[in-house]
Amino acid sequence: MPQSEPDGVAREALRLIGPDPQNWVPERAGIDHNVVVVGGGQSGSAFAFALRRAGIGKVSVIDAAADGAKAGVWLTSARMHKLRTPKGLPGPELGLPGLGFQAWYEARHGAAAYDALDRIPRLDWAAYLDWYRKVTGLAVRYSTRLVRIEPADGHLRLHLERNGKAVIETTRKLVLATGFAGSGGASVPEVLQGLPKRFYVHTSEAIDFRSLRGRSVAVIGSAASAFDAAAVALEAGARDVHLFARRESLAALPVIRIRGYPGAYDNYGALPDAVRWQQAIRFRLAGSTPPPDAISRAVSFPNFHLHLGAPWTSARLQGVRPVAETPHGEFGFDFAIAGTGYAVSLGAQAELRDFADEILLWRDRFAPPADQRDETLAAYPYLGSGHEYLEKVPGRAPYLRDIHVFNPAAFVSFGLPVGDVPSFKRDIPAIVARISRDLFLADLASHEARINGAIAEDFAPELYASAIWRPPEHVAAE
């Protein structure tokens, strides 16, 4: 049964772990923040809580969105009914079950209702994240966009746009919890870019599905977001929806799932480069699998049509209507939706542009066999064990180690779409531990002075003086 005090379990969990540790990071002149987390969604919120529990103060979370409802994807570009991941995966609670989704859901709907869920409903997940921020007391600075990162002497200068005004703030550490679009942006096929923009949109953008009523819609791509968009268009009354897939059959092998056991999951970053590369190639060859329910949602409409082995080779305007060319002939449509994922191109990311050429990429570190070459994967950053950028030329850009990546650009290095829930349990503690270590060692002289400082005695000798044993006087033999 639902509890009369739905926040009781969470508040008890917070009470039992005790007060947050005091901030142990020494102040530095001219430094505004010890850590800035870019992105106030599920990842950024979890980082803020984890850093606070590690005793690291002066942490700021920023997000370009106007408010919590517009931050992240769950109430904006996400269109699935349910999350893709299993409902029992550890998430932002970071080892405290009372702060987890299950505790939140059961407190409101009862244990039987949770047991009946196969996966987490998207809107419930969004409500849970909003609650998580409130119950843990986390603050996000909305309407704050990171425009540029400027390396400085021992810290980073962040050029921000806050409520439309340019400001500069300084930080010692930066966490990029920026989601799928955070390392190069949406991947829009060139074939679409030749059309006027009014005829197409990417799934990451706001889409007015109501305007598609009675129109013929083309969807490019065959992963989850493509099927979600197709289904929403059909539900909104599209005349018909045609989904175009390059493959001859839909990807159905969940490659990542097979390595989800603790040994492979916990130690993936320690695998040899050749093994990590081979796993990334295996995923690329298998493809990103749409969930069965996403397929069924679209297929249930008789006016949904699936085109297999049908990549677009060109697109043009024929009169006032776009026409696409495929291996199976021409196809006319009214509007196109690109469900074609995201690029990893660090130089295309505005805030990284000044030093993107200094970042070590996989192609700089690893030369795969000829049959495993892949230019897309080669452009991913080769990250350190704390998800930090590494220098292409040692000694030339030491500031890179202070930028930690928690978005899908970490995929080749760590084997998961980092930033999704499956990456939380392993990677957030690892990154926080690295930030803690780096900050501690950077101020080692100060900490040495602190741990070698004068210590007041807990008690004086008088406390135990009366119990000190003394041997009896020996009486001289007569």
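The values are calculated or read from the model by the stated rules, or taken from the named source; none is laboratory data. Bear in mind the structure is a predicted one, so any value in this text is a computation, not a measurement. A quick note on method: Cβ atoms are made from the backbone with ideal geometry, for glycine too, and the neighbour counts reach across all protein chains shown. Accessible surface areas use protein heavy atoms only, side chains included; no ligands, DNA or RNA. Shrake-Rupley method; radii C 1.70, N 1.55, O 1.52, S 1.80 Å.
Sort 312, 24, 277, 469 by accessible area with a 1.4 Å probe, largest first.
Values: 312 30, 24 50, 277 5, 469 195 Å².
Descending accessible area places them as 469, 24, 312, 277.
Hey, rough spin-label estimate for residue 401 and residue 147, points 7 angstrom out along Cα→Cβ, what's it come to in nanometres?
Calculated label separation equals 3.1 nm.
For every helix of n ≥ 4 consecutive DSSP H residues, a contribution of -39,500 (n - 2.57) applies; sum these over the chain, divide by its total residues, and give [θ] at 222 nm rounded to the nearest 500 deg cm²/dmol.
Details: 15 runs with 134 residues, N = 478.
Counting only the DSSP helices, I get -8000 deg cm²/dmol.
Using only Cα atoms and rounding to the nearest 10 degrees, what angle (0 to 90) does helix 122-136 make with the longest principal axis of the chain?
The answer is roughly 20 degrees.
Report ³J(HN,Hα) in whole Hz for each residue of the stretch 103-113, in order, from the Karplus equation J = 6.51 cos²θ - 1.76 cosθ + 1.60 where θ = phi - 60°; Gly and Pro get x.
So the Karplus estimates, Gly and Pro as x, are 4, 4, 5, 5, 5, 9, 10, x, 5, 5, 5 Hz.
If you plug each phi of the stretch 72-87 into the Karplus form 6.51 cos²θ - 1.76 cosθ + 1.60 with θ = phi - 60°, what whole-Hz ³J(HN,Hα) values come out, in order, with x for Gly and Pro?
Each residue of the stretch 72-87 in turn: x, 10, 5, 10, 10, 8, 6, 10, 6, 6, 10, 4, 6, 8, x, 5 Hz.
List the lysines whose alpha-carbon lies under 20 Å from that of residue 82, not counting same-chain residues fewer than 8 positions away?
In chain and number order, the partners are 70.
Averaging sequence separations of C-alpha pairs under 8 Å and six or more residues apart, then dividing by the length of the chain, give the relative contact order as a whole percent.
About 17 percent, as a whole number.
Under 5 Å between amide H atoms, partner at least 5 residues away or on a different chain: which partners does residue 184 have, H built in plane at 1.01 Å?
For residue 184, the qualifying residues are 345.
Could you give the size of the charge dipole of the chain about its Cα centre, using +1 on the Cβ of each K and R and -1 on the Cβ of each D and E, expressed in debye and rounded to the nearest 20? Please list the in-between numbers first.
Working: 53 positive and 52 negative charges, 321 e Å.
Roughly 1540 debye, rounded to the nearest 20.
Taking amide hydrogens as modeled 1.01 Å from N in the peptide plane, which residues meet the under 5 Å criterion relative to residue 173, leaving out close sequence neighbours?
Long-range HN contacts for residue 173: 35, 36.
Against the longest alpha carbon principal axis of the chain, how many degrees, from 0 to 90 and to the nearest 10, is the axis of helix 224-235 turned?
The helix 224-235 is inclined about 50 degrees to the chain.
How much net charge surrounds residue 262 when only the other residues with a Cβ under 13 Å from the Cβ of residue 262 are counted, with Lys and Arg +1 and Asp and Glu -1? Walk me through the intermediate numbers first.
Details: positive: 259, 425, 426; negative: 266.
Summing Lys/Arg as +1 and Asp/Glu as -1 gives +2.
Write down the percent of antiparallel bridges among all DSSP beta bridges whose residues are both part of the chain, to the nearest 5. Walk me through the numbers before you get to the answer.
Values: 28 of 58 bridges.
Of the beta bridges lying entirely in the chain, close to 50 percent run antiparallel.
Which value, in Å² and to the nearest 10, is the accessible area of residue 147 when all protein chains are kept and the probe is 1.4 Å?
70 Å²
Between residue 441 and residue 303, what FRET efficiency follows from the Cβ-Cβ distance if R0 is 45 Å, with the result rounded to 0.05? Before the final figure, lay out each step's value.
Values: r = 62 Å, r/R0 = 1.38.
In this case the efficiency is close to 0.15.
So how tilted is helix 424-442 from the main axis of the chain? Cα-based, degrees 0 to 90, rounded to 10.
50 degrees
In whole Hz, with x marking every Gly and Pro, tabulate ³J(HN,Hα) for the stretch 300-310 from phi via Karplus 6.51 cos²θ - 1.76 cosθ + 1.60, θ = phi - 60°.
Working through the residues one at a time gives 5, 8, x, 9, 9, 10, 9, 10, 9, x, 10 Hz.
Could you state how much accessible area residue 148 has, in square angstrom rounded to the nearest 10, with a 1.4 Å probe and all protein chains kept in place?
The value for residue 148 is about 90 Å².
Can you give the accessible area of residue 155, probe radius 1.4 Å, in Å² rounded to 10?
Residue 155 exposes around 40 Å² with every protein chain in place.
Strictly over 28 Å apart at the Cα level, which of 173/392; 87/197; 58/87 would you flag in this model?
Numbers: 173/392 20 Å; 87/197 38 Å; 58/87 33 Å.
Correct reply: 87/197; 58/87.
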